[in-house]
1. Specify the residue that is farthest from Ala162 (Cα to Cα); the eligible residues are those in the stretch 45-81 that are among the hydroxyl-bearing types (Ser, Thr, Tyr) and out of contact with any strand residue (DSSP E or B) (no Cβ under 7 Å at 6 or more places or on another chain).
2. Quick one: how many residues across the stretch 10-36 are open to solvent by 10 Å² or more (accessible area, probe 1.4 Å), in contact with an Asp or Glu (Cβ under 8 Å, 6 or more places away or on another chain) and at pLDDT 95 or above?
3. List the strands (runs of 3 or more DSSP E) that sit entirely inside the stretch 158-266 and contain at least 3 residues that are under 30 Å from Tyr143 (Cα atoms).
4. Starting from the stretch 352-366, take each residue that is more than 10 Å from Phe63 (Cβ to Cβ) and list its partners that are β-branched (Val, Ile, Thr), counting only C-beta distances under 8 angstrom and pairs at least six apart or across chains.
5. Among the listed residues Leu319, Leu329, Leu341, which satisfies the condition of being within 19 Å of the chain's Cα centre (by Cα), farther than 30 Å from Gly141 by Cβ and open to solvent by less than 30 Å² (accessible area, probe 1.4 Å)?
6. Residues in the stretch 163-198 that are surrounded by fewer than 17 Cβ atoms within 10 Å (Cβ to Cβ), basic (Lys, Arg) and modelled with pLDDT of 95 or more: how many?
7. Only one of Tyr110, Tyr71 is farther than 20 Å from Leu342 by Cβ, touching a residue at least 24 places away in the same chain (Cβ under 8 Å) and not hydrophobic (A, V, I, L, M, F, W, C); which?
8. Going by the conditions given, is Leu363 open to solvent by less than 10 Å² (accessible area, probe 1.4 Å) and at pLDDT 95 or above?
Amino acid sequence: MPADVVIIGGGLIGCTIALELARKGVAVTLVERVRLCTEATWASAGMLAPQIEIDSRNDFFDFCYRGLELYPQYIEELRELTGLDSSLRVEGALQVAFDEVELKKLAKCYRWQFEAGLPIEELSAEQLREHEPGLSDEVLGGYLFPQELQLDNRRLAEAVVAAAQKLGVNFVIGADVTEILIDRNRGRLKAIGVRAGNDMITAGVVINAAGCWSGGIRVEGAKTPKLIPVRGQMVALRTTVGRLRRIIHTGHTYLVPRLDGRIIVGTTFEYVGYDKRVTAEALQMLLARAIKTVPALAKSEVVEFWSGLRPATEDKRPLLGYHPEVDALIYATGHYRDGVLLAPITAKLIAALVVDGTEDAVLRLYSPARVL
């Protein structure tokens with residue numbers, strides 16, 4: 001079962017890379033152990049909001065902002081290819097504060113964005129409620145980020161998979177990759193495929209995009225990176241009152257409105273291994289914070305709750321590029337909370353590396369060599 005490239009992992013990162021390679025004429029086989037885009041991708045809220053969540057100007061912010069700028073064109077290309085709509089929205093996001101200490105902290109946190117000329121506005125409590133009348137009277141002030149985006153991550157995943165299938169990506173579902181096959185007949189180790197269940201799939205390049213399971217896939221004769229699963233629990237509400245137009249971020253919790261009347265509330269950051277249980281404690285906390293922010297949500301219907309495992313490295317930065325000891329083995333993993341935001345830009349950079357041999361400066365910054 002040969003391929004030009006075999007990708008391990010059918011989350012959004014793996015699927016967008018598969019799509020980008022297929023668009024360049026590469027024969028791709030993608031292997032997913034369970035179901036496509038049902039782990040960290042499914043659990044995301046679909047926020048594309050680097051300004052509101054990154055508190056200083058650094059290389060990672062610049063990378064995330066590049067990812068944000070790609071999205072409008074990327075979504076349009078997906079729509080043209082599949083006819084599917086990912087519900088991309090450009091209403092922006094609000095960061096709110098409930099006391100003077102929080103306000104001062106936010107002012108310090110966002111000062112660099114004003115100095116850099118980024119789109120950001122400081123708002124009083126009255127101005128915030130003009131944007132979102134349902135906000136609590138306890139909100140004292142905050143900030144508007146008018147160019148932050150959101151989309152429906154599940155619809156996005158559906159569109160990416162449909163596009164990849166249309167362009168001939170071979171999906172192998174329900175096979176657990178346990179080992180990356182290595183050629184030892186050369187001066188250096190070289191990846192030549194994977195062992196998936198009882199089958200061997202050979203390929204010229206292997207891409208490990210298996211999220212928090214990436215480090216557990218054996219590479220005989222070489223180290224593998226440490227990926228840490230971080231559980232995030234979330235709840236979806238449906239309401240006819242307390243409707244929101246924009247993302248609301250409190251510093252502890254976010255509320256993300258969908259066009260169908262749902263509001264996604266998240267999230268937790270729990271280092272509990274591979275435990276995906278949803279807990280009463282977490283749901284109680286999320287609901288209490290949501291109601292504190294928008295009191296009318298106390299009367300809303302709880303329609304869904306779930307959890308996902310986000311793949312984190314020790315420095316909370318992704319692993320992108322070739323393994324330093326193994327030729328033809330690429331890692332595209334460890335995106336932590338930014339997998340949806342960074343999926344299209346990651347796909348473009350990895351595809352350029354595979355097809356053209358072009359190594360963007362970002363790949364040097366986040367090379368697996370820093371942890372191996």
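The values are calculated or read from the model by the stated rules, or taken from the named source; none is laboratory data. Keep in mind it's a predicted model, so treat the numbers as computed, not measured. Cβ: placed from backbone, ideal geometry, glycine included. Neighbour counts: every protein chain shown. Keep in mind that these areas ignore ligands, DNA and RNA; they rest on the heavy atoms of the full protein, side chains included. Shrake-Rupley method; radii C 1.70, N 1.55, O 1.52, S 1.80 Å.
1. Ranking the qualifying residues of the stretch 45-81, first place goes to Ser56.
2. 3
3. Once the strands (runs of 3 or more DSSP E) in the stretch 158-266 are filtered for at least 3 residues that are under 30 Å from Tyr143 (Cα atoms), what remains is 228-238, 247-249, 254-257, 262-266.
4. Sorted first by the residue in the stretch 352-366, then by its partner, the pairs are Ala352/Thr358; Leu353/Ile330; Val354/Val5; Val354/Val26; Val354/Val205; Val354/Ile207; Val354/Ile330; Val355/Val26.
5. One residue alone meets the criteria, Leu319.
6. 1
7. Of the residues listed, the single one that is farther than 20 Å from Leu342 by Cβ, touching a residue at least 24 places away in the same chain (Cβ under 8 Å) and not hydrophobic (A, V, I, L, M, F, W, C) is Tyr110.
8. So Leu363 passes the test.
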